[in-house]
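The structure under discussion appears below in the form of structure tokens.
The values are calculated or read from the model by the stated rules, or taken from the named source; none is laboratory data. Computed from a predicted model, the values in this text were never measured in an experiment. All Cβ positions, glycine included, derive from the backbone under ideal geometry; neighbour counts span all protein chains shown. When the accessible area is computed, the model is the full protein with side chains, heavy atoms only, and any ligands, DNA or RNA have been set aside. Shrake-Rupley method; radii C 1.70, N 1.55, O 1.52, S 1.80 Å.
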Amino acid sequence: MNKKIILILFTTFFALEVLAQSSIKGEINNSETGEPVPFANIMLGDKKGTVSNKNGFYQIDDIEAGEYHLRISYVGYKTEEQVISLQGNETLTLNIELKPTFFTADEVVITATKTENNIQDVPARVHMISSRQMKAIPAQTIDDLIANIPGVNINRSFGIFTHSASISMRGLNGEEQGRVLVLIDGIPTNKSDGGSVNWNLLNTGQVKQIEVVKGPGSSLYGGNAMGGAINIITKKPTEQFSGRASIDYGTYNTLRGQLNLSGRLSENKNQGFYWNLNSFYRQSDGYITASEADQIANPYIVESELMEWATTAKLGYDFDDKNGVDISFMYYDDDRGTGEKVYQPEGNNREHDTYHFRAKYFGEKNNLKWKVNLFYLNEDYKRISEWLKDDYTFYKVLSERLDLGALSSLSYQLNNQTVTGGIDLKQGSVDARDVYYTSTDIVYNRGKMNMLGLFLQDEIKLMNEKLKIIAGLRFDYANFFDGGFEIENPTAETTFMTRYHNQNLSEDSWQAFSPKLSAQYEFNKAYRVYASYAKGFRPAVLDDMCRSGRIKGGFKVADQSLQPEYINNFEIGADARFFNRLRTSLSAYYSLGDDFMYYVNTGDSIDLGYGMRPIIKASNISEVEIYGFEFELNYFLTQKIIVNANYAYAHSQIKNFTPLTTNDPVDLTNNYLTNVPDHMGSVSVYWPNKIVNTSITAKYMGARWVNDLNQVDEIVLDDQYPDYSTVDLKFSKEFKNVFVNLSLQNIFDQKHYDRKGAISPGRFITLELGTKF
Amino acid sequence: MKTYKLFLFFCVLIFISCSEEELSETSPFILLKTGNEFSQSGDSIPVGGKIKFGIAAVGDGAPITNLTIKRITENEIITELDKGVFIKSGGLDTTVIFVKSNAEIEQWKFFIMNAHRDTASVTTTIYKGEGSAWGEIDYFPSIEIGYQNNQSIPNYVDLNNGTSYDETSVAGNESLIDLVSYYYMSSGTSSPTLSCPSYPSAREFFPEINDWSIQNSVLYDYYTTDNNLITPEQFDDAQNDSLLVNAFKPSNVSGTCKFCYTGKIIPFKTGKGKYGMLKIIRADENNTGSINIAVKIQK
């Protein structure tokens, strides 16, 4: 009897509890266009939350009666907050309109400090490109998305046909990628072999956001973060199943297809398995890049064709919203012609057969946060070279470049202080050979470098969080070993190199300390000022340490004793908002570079088979002075029309050049660094509306010095590349699940030339049609 | 019987299943032609005399990509020819002519490679005969040649008879032209340059050459020139082809010779195998100027 009573009471109590539960549901829409906002985060109090589905619909069930703080947020939109009150057994329908914001100062970034901070809270110049901003940019490649950031210099002479693009910042040489660190989801992708990054690897459709941190970041990341760091963050699934497929067609018979599928195995976006599959394919007939003079002289000039494709698969598991693991695998392959074909079926070309494997484990408990990354990045590079002059020459460069490692960070928050530390381990290696098919020569080069990094950072908030100070220090140690340079069966092609034949190159090591101290004072949400000092460095690359060979201007010899080059950067900056419509930012910097690496004459000469040429080698021989400033403003012209304007000035000069030999006639002192535009700027107008979203961008690139000697170049016929301007347009429209994008890059067909006289592609138009499901 | 048939069946199966690569590995082949017109192994040839070889080769499944000829004596190994080629079909069939050196015994090695880097070789031995067979030469003491932007002086030269042609008179005589000259700045250095119709840079400065059906080649020994190994006096004293032949170093040659300043001596060999030498009497250093050369060449 008693048991029955208890059972009845329990059942009644339970039923009453169920009946007393409430729900809240509704739609999240864009306040300007009325379109649904998918994947918006809806948090009810601290413990309940959900994500809007692809139609912008959300629902939260099993809510006890009471008063709650409701918060709706999504990247690219102003966060909405309100207090709601729920009675028992009530279903509240609450539709929310989110106001889109182009400005990202309130967005959270992680790259600048390895901890989460609003951009406005980081005492440095940080830019974030959100998904919303990406939609307005007519981008064919990832670096196109970054091109409008003030002071960012993109070196991609042949558009999508470029096999080796580079990005530089803050007055550093425009052709050297090794002075800017590039990360994908926090994993460094600059190859140890040459410091380069393959900017063609990722599809724009995979990217969630891009964080750009200017100024040295070596106190956290170590090598390559001299001018700054760029972190490309890929998307993470939030819905049970979604997809996006598109095809686009454009200039030079360029065709691209993209497919993205993702899903979660549970309805709870903070728990369970998730997966993502992304793939793209592109091909193009290309165009003739060679100068008119080369076309006359060389009957073997052809269009530079391209074919590339990639697949990325990601699998992850969220234990909860703070703890999880994920692994991803990417395969990329391309075949890019370089515009000359004699006898080989595909002519001269470059291939990058690339495998990336990444694994991440992140967690948080109480005040402790941790992250561990493992990575394995392998690139099999193949270059086919053939030409017909006195006779026919055909050889292949086959190079395996491998970078693998483990990165860790641990953060502890105590009151107003966050201490972050970590250990990084990395090994980079190269194993390459030049195989000749028109002679018996084979040239081998190989080398490895182990790197260890230890870092520590302290973030302190004082004076009611108005004053923020960040201090950091990192120690890096690297060891070069297992190096070799060998020539097999030399003939006239390589016999001059035999004096450098060495199966066991000497080992060497270096170390670097990278301090940082920065502070900012926030007067209020509208005004802040900051100042910082940071030291960065670029390590020597394996190619300079273990490979000798022909380069422009002579013969390069390897040097294992190369040390890193350094930069000390002093910077001040300020941000201000006016009337909630205008945001401005200003940064000024002064940098002193030490031990900058340059190719210099050793004083010896060598007969390369077509005459005596100087022997040169990379050496740490110069001091560089760089200063400049950057200004940006974002203005809501109307409620819907957003204007962005920016300008950057850079002055980069060699202050002290010490040649290797006293009889070297070359003195670069007071010469300017090459390929650094003195002036850069852009103006963009973005107008989202219900008819067709429209954006227009006008860019200006200032004059750049052609060569280290700052002398008239015999091909360019000037000492500087001329300045030029381009205008880009993008029109986009979504109809329910279908979207159309028309991108017009360089609509006035402005052509420019590199130092070989090769020509850029000019106007590039693509039309994209796709669907979301 | 059944067992036998079964065994045969499996043999055939295995044979058929062999991949094409397993059945047909490339094996290039080279031989030297016989016949009275060609030098044979064991021949005795006086110093200065002509050595003539006929070469036949096949790549056998892959294009021939290299032909190398080496002259091996007691004292040295000279690479007389190391040429990249791409002969896809029909094989190689060519004749090469050299001049007998002073060595008592010369071993000649002929080597080919195909696009799979498979190789084949053949050797032959030539002995020094009695006497000397140096040949006569032609001498052209002064030939004026206009650079690329000089239309008042002829731009095209036939080295065999010292005749120069302008853009009008060259029509119909393109197959005789061995030499053109131009001026440019090479990596910041002034460079009066000698070239030949087959060389790409010559076509850049004289684009009309692209339309010539025959574009002759000349190989200039730039090493001897750059290092001033032959003096103008030696050039002036040459009465037969011994200096012309001995001065030419085949391992450092190109179809273009840069930095041909006044006073330089340049050994060369035409595409038809004639050895020669030229002296720069005067070289202007601007692209509307001209260059004056003296030429000695085998008859």
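Some notes on this structure:
- Considering segment B:223-267, the residues that are among the polar types (S, T, N, Q) and assigned to a helix (DSSP H, G or I) include one that is nearest to the other protein chains (Cβ to nearest Cβ), namely B:Thr225.
- The residues on offer are B:Ile45, B:Ile72, and the sole one that is over 21 Å from the mean Cα position of the chain (by Cα) and open to solvent by 10 Å² or more (accessible area, probe 1.4 Å) is B:Ile45.
- Yes/no for B:Ser213 being surrounded by fewer than 22 Cβ atoms within 10 Å (Cβ to Cβ), assigned to a strand (DSSP E or B) and within 14 Å of chain A (Cβ to nearest Cβ): no
- When A:Thr440, A:Thr418, A:Thr393 are checked against the criterion of being more than 14 Å from chain B (Cβ to nearest Cβ) and among the hydroxyl-bearing types (Ser, Thr, Tyr), A:Thr418 stands alone in meeting it.
- Residue that is more than 14 Å from chain B (Cβ to nearest Cβ) and open to solvent by 60 Å² or more (accessible area, probe 1.4 Å), where the choices are A:Asp285, A:Asp335: A:Asp285
- Residues being within 14 Å of another protein chain (Cβ to nearest Cβ), over 21 Å from B:Gly271 (Cα atoms) and in contact (Cβ under 8 Å) with a residue 40 or more places away in the chain are represented in segment B:191-200 by at least one member.
- Qualifying position, being open to solvent by less than 20 Å² (accessible area, probe 1.4 Å), over 18 Å from A:His501 (Cα atoms) and in contact (Cβ under 8 Å) with a residue 12 or more places away in the chain, among A:Ala574, A:Ala540: A:Ala540
- Of the residues making up segment B:42-83, those that are within 14 Å of chain A (Cβ to nearest Cβ), free of Cβ contacts under 8 Å to residues at least 60 places away in the same chain, β-branched (Val, Ile, Thr) and touching a Ser or Thr at 6+ places or on another chain (Cβ under 7 Å) number 2.
- You will find that of A:Gly609, A:Gly603, A:Gly593, A:Gly628, the residue that is of a type in the set (Gly, Ala, Ser), assigned to a strand (DSSP E or B) and more than 25 Å from A:Ile567 (Cα to Cα) is A:Gly603 and no other.
- Within segment A:534-570, considering residues that are among the polar types (S, T, N, Q) and assigned to a strand (DSSP E or B), the one nearest to A:Gly593 (Cα to Cα): A:Asn568
- Pick from segment A:494-514, criterion of a type outside the set (S, T, N, Q) and more than 30 Å from A:Ala124 (Cα to Cα), ranking: most open to solvent (accessible area, probe 1.4 Å): A:Arg499
- On inspection, A:Thr491 qualifies as of a type outside the set (D, E, K, R), within 14 Å of chain B (Cβ to nearest Cβ) and open to solvent by less than 50 Å² (accessible area, probe 1.4 Å).
- Contact annotation: residue pairs with Cβ atoms under 9 Å, 6 or more positions apart or on different chains, pairing a residue in segment A:597-616 that is more than 14 Å from chain B (Cβ to nearest Cβ) with a partner that is among the aromatic types (Phe, Trp, Tyr) and part of a strand (DSSP E or B), are A:Tyr598/A:Phe657; A:Val600/A:Phe657; A:Ile615/A:Phe555.
- Filter result for the condition that a residue is within 15 Å of the chain's Cα centre (by Cα), in a loop (DSSP other than H, G, I, E, B) and of a type outside the set (A, V, I, L, M), over A:Gly178, A:Gly171, A:Gly195: A:Gly195
- Residues of segment A:349-389 satisfying the condition of being within 14 Å of another protein chain (Cβ to nearest Cβ) and either of a type in the set (Phe, Trp, Tyr) or in contact (Cβ under 8 Å) with a residue 24 or more places away in the chain (or both): A:Ile384, A:Ser385, A:Glu386, A:Trp387, A:Leu388
- Applying the criterion of being of a type in the set (Gly, Ala, Ser) and surrounded by fewer than 20 Cβ atoms within 10 Å (Cβ to Cβ) to the residues of segment A:515-537, the residue that is nearest to the other protein chains (Cβ to nearest Cβ) is A:Ala531.
- Any hit, segment B:258-280, residues being over 30 Å from B:Gly54 (Cβ atoms), open to solvent by less than 20 Å² (accessible area, probe 1.4 Å) and of a type in the set (S, T, N, Q): no
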